[in-house]
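*Asks:* One structure coming up, written as structure tokens, with questions to follow.
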Amino acid sequence: MVETNLPIMFLRDLVILPYNEFRLEISTEYDKTVFNISANTKDGYLLFVNLVDTLEEKPDIISLPKVAILAKIKSSLTLPNGSIRAVVMGIDRVEVLNYIDNDTYLEAFVKQAKEYDYDENEAEALRRMLIRNLKRFVDVSPYMTNTVLGRINNINNIGRLSDIVVSELTLEYKAKLKYIEAFNAMNRMRMLIKDLEKEIETIKLEQDIEDDLSYKLDLSQKEYILREKIKLIKEKLGDTDIKEQDVDNLRNKLNSGDYPDKVRRRLEEEIDRYEMSSSVSPEVTTTRNYIDYLINLPWNIKTEDNDDLVSIGKCLDKSHYGLDKIKTRILEYIAVKKNTKNNNVPIICLVGPPGVGKTTLAKEIANALNKKFVKMSVGGINDEAEIIGHRKTYIGASPGKIIQGIKKAGSNNPVFLIDEIDKMTKDYKGDPASALLDILDKEQNSMFCDNYIEEEFDLSNVMFILTANDGNLIPLALKDRLEIIELSSYTLYEKEEICKKYLIPKLLKEHNINKNNVFISDDGIEKIIMNYTKEAGVRELERQIAKICRGIVIDLVSNKQIRNYMIGADNLEEYLGLPKYNYIENDIEDKSGIVNGLAYTSYGGCILKVSSTYYKGDGKIILTGSLGEVMKESAYIALSYIKSNANTFGIDEKIFKNIDIHINFEEGAVPKDGPSAGVTLVTTLISMLKNTVISNNISMTGEITLRGKVLPIGGLKEKLIAASINNINKVFIPIENKNDLDEIPKQVKDKIQVILVKDYMDIYKEVF
């Protein structure tokens, strides 16, 4: 073939190869134009160009392939609808030198491709391999008959042979395109043999899969038929019951639910056991309860977390005043998770007195993060089965509170509050704190296995938040796994702000009182806090405001007349009665042997009055006030320190032999213990022995050693708040607590002169 111009017809889903006939239906105007030009001016010759992108309507000339198939029209028929049905014969591959755009159609300037030489022996070997693989393919393939073997019989030309076989194969469109560009017949043979082998393996794999599916379907069909027969027999006998419907519902729920493979297999076994067991069997209820827990647990159900830091911050600020540490920690967790895509959920423990907002804060954290919330209280629990479940063999067995809470939440990533962990007990029944170790350990809780459920449940997505009133009572092994965040007592200023911004609007809304008709002045709020409450948090304050609201509601209902209510310090007793507390606990009269100590309790800070006296005796020391062992030891240390430094303090050593000393901590009904009363005991004894009055505006806290060193204490914020409320203006604290002063509110530090001491002599020089 010499170089010539021929019109082009594009193919998008059909590959025409040399030595093969194809039937075409020509319907587009472009294809009709090309067909007519080919039939009338080119002796029926035309070019077929295959497009790589089958969706392309108007291909760019530059992107068109450089290889086309030369073909000739053998016959044609014009149909009544105008379409043309034609038979074309592929002749040869040609090389496109240039494409020419003739406005209404494209043509190409082409030339015949060069012939490639090849070794006859190698070609014969490839021909035999091809025929052998083709016979194997015909045997296994449902897509090809042995007529193709008749077509290639006695064909020795490997180029013609390969093109005929490729046309018969059910290869994908793009897989056949590579054969158009393969001018070298030897390369086409190798490609074809490789594709045949691949097709044979694929068909065998399909057949294996179909056989396996057929076997499973046969078993399923057999089981279905037998079950239907059993149902019909029972219906005839009148033996149908609700249990049958229950089994069907359970199977439907299992088939429609998302469960891990192990759990799904376990459920299938349990449902079968439940179905086969007698309705009067004692095991029926046990099995049904077990299935209920297993099928309703949120194995793969989780809620989408809110990761908008701004909205989370606003939500937390709206519900709680202050508490900046915990709010910052939550925002850090969300930011890190968003930045790293890592689900390293923190295990936070909120430690603080009652009423400071630990539980409600956990609820708001769940609300801000768009998580479900569930709470479990472990206060007083002494049986570890309450945590990790009972064995199913026991009568009345049930899962532990962890799994019960997860089921209640309905998702596997809730906020799970474990309340009052400092109040867990331990006895012969077990150690619940140890049971919590695996649950709260990030390295292990992804494989938590409840004794009742007996299947591993992933707790790594759960955000555990724990609460405690006293951090010292949290078991050490448990404490090691927690991120402790202290929520200290509220100051007077903070309580006033919480009352105005949160409590009063909330309670007025709950009692359906118009907020514009009620005004509680600042001095009224302060008097409520000072004289009607005695707490670290705001629970009692909320109850007192609620009492005022109830009084207003009674007046509104009785008089049926709306009026304004102005409540201040002068008329507060009309609603709350006489004051309950007098916070100014300092003695007005100054006496020797009386010193103000500072104590930290689970309800916040308080003033601890320590007084001492002596009388004729033989050197004994008497301690009263419900003291614990630590406080008693502090008293003995204080007396020994004074005796060893009597000359320094100007005290006659002989006096200790002839007197008995009595030390008393006021409010004897309240148990007292802790390592922070040492300096107070030393001061009260020196004051008594020297008959020196200590000002009631002075207070101190800190433990002391036999050498006089002052040791650091805890609860500094609560103690200083108590001092400020009780009109104490000078407080001695250990120098090692200097860093803790950064957390003391400015309103408190402005009212108190804080003196840092390293040794008791620093206090002695200042006080005496």
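*Asks:* So how tilted is helix 629-644 from the main axis of the chain? Cα-based, degrees 0 to 90, rounded to 10.
*Replies:* Relative to the chain, helix 629-644 is tipped by roughly 50 degrees.
*Asks:* Write down the accessible area per residue of segment 518-564 in Å², having rolled a 1.4 Å probe over the full set of protein chains.
*Replies:* Roughly 52 Å² per residue, with all protein chains present.
*Asks:* If you don't mind, another one. Could you state how much accessible area residue 549 has, in square angstrom rounded to the nearest 10, with a 1.4 Å probe and all protein chains kept in place?
*Replies:* 10 Å²
*Asks:* Could I ask something else about it? How would you classify segment 374-476 from its alpha-carbon gyration tensor, with a ≥ b ≥ c the square roots of the eigenvalues: rounded for a/c under 1.5, else prolate if a/b is greater than b/c, otherwise oblate?
*Replies:* Here segment 374-476 falls in the oblate category.
*Asks:* Hey, which of these cross-link pairs are over 29 Å Cα-Cα: 616/719; 111/174; 42/66?
*Replies:* 616/719
*Asks:* Something else: Under 5 Å between amide H atoms, partner at least 5 residues away or on a different chain: which partners does residue 92 have, H built in plane at 1.01 Å?
*Replies:* Result for residue 92 returns 70.
*Asks:* Now for a different question. To the nearest 20 debye, what charge dipole does the chain have about its Cα centre, counting +1 at the Cβ of each Lys and Arg and -1 at the Cβ of each Asp and Glu?
*Replies:* 1320 debye
*Asks:* Counting heavy atoms of the protein chains only and a 1.4 Å probe, report the per residue accessible area for segment 1-97 as a whole number of Å².
*Replies:* Accessible surface, normalised per residue, equals 53 Å².
*Asks:* Right, something else. So for segment 89-232, taking the charge dipole from beta-carbon charges (+1 Lys/Arg, -1 Asp/Glu), which of 221, 144, 96 sits furthest toward the positive end?
*Replies:* It is 221.
*Asks:* Protein chains only, probe 1.4 Å: how do 717, 338 rank by accessible area, largest first?
*Replies:* Accessible-area ranking of 717, 338, largest first: 338, 717.
*Asks:* Find the centroid of the Cα atoms in segment 21-53 and in segment 552-570, then give the distance between the two in whole Å.
*Replies:* 97 Å
*Asks:* Which of the chymotrypsin sites (Phe, Trp or Tyr not before Pro) found in segment 284-319 are in a DSSP loop and have at most 13 neighbouring Cβ atoms, other than their own, within 10 Å?
*Replies:* Here no loop site has a sparse enough neighbourhood.
*Asks:* When only the heavy atoms of the protein chains count and the probe is 1.4 Å, how do 572, 492 rank by accessible area, highest first?
*Replies:* 492, 572
*Asks:* Could you tell me the relative contact order of segment 609-761? Use alpha-carbon pairs under 8 Å, at least six residues apart, and round to a whole percent.
*Replies:* 24 percent
*Asks:* For segment 601-643, which trypsin sites (Lys or Arg not before Pro) are in a loop by DSSP, counting at most 10 other Cβ atoms within 10 Å?
*Replies:* The qualifying sites are 620.
*Asks:* Turning to a different aspect of this structure: Compute the accessible area per residue over segment 639-768, keeping the other protein chains in place, probe 1.4 Å, unit Å².
*Replies:* On a per-residue basis, 45 Å².
*Asks:* When the solvent-accessible surface of protein heavy atoms is calculated with a 1.4 angstrom probe, in what order do 109, 457, 10 fall, highest first?
*Replies:* Descending accessible area places them as 109, 10, 457.
*Asks:* For residue 253, give me every one of the lysines with a C-alpha distance below 17 angstrom, ignoring sequence neighbours fewer than eight places off in its own chain.
*Replies:* 243, 262, 407
*Asks:* Calculate what fraction, in whole %, of the accessible area of the chain sits on carbon and sulfur atoms when a 1.4 Å probe is rolled over the protein chains.
*Replies:* Carbon with sulfur: 49 percent of the solvent-accessible area.
*Asks:* Related question: What angle, in degrees between 0 and 90 and rounded to the nearest 10, separates the Cα long axis of helix 539-559 from the longest principal axis of the Cα atoms of the chain?
*Replies:* Roughly 90 degrees between the two axes.
*Asks:* Heavy atoms of the protein only, probe of 1.4 Å, neighbouring chains included. What is the accessible area of residue 662 in Å², nearest 10?
*Replies:* 50 Å²
*Asks:* Relative contact order of the chain, please, whole-number percent, based on alpha carbon pairs below 8 angstrom and at least 6 residues apart.
*Replies:* 7 percent
The values are calculated or read from the model by the stated rules, or taken from the named source; none is laboratory data. Note that the structure is a prediction, hence the values are computed from the model and not measured. Positions of Cβ are generated from backbone atoms using ideal geometry, with glycine treated the same way; all protein chains shown enter the neighbour counts. Calculation scope for accessible area: heavy atoms of the full protein, side chains included, ligands and nucleic acids excluded. Shrake-Rupley method; radii C 1.70, N 1.55, O 1.52, S 1.80 Å.
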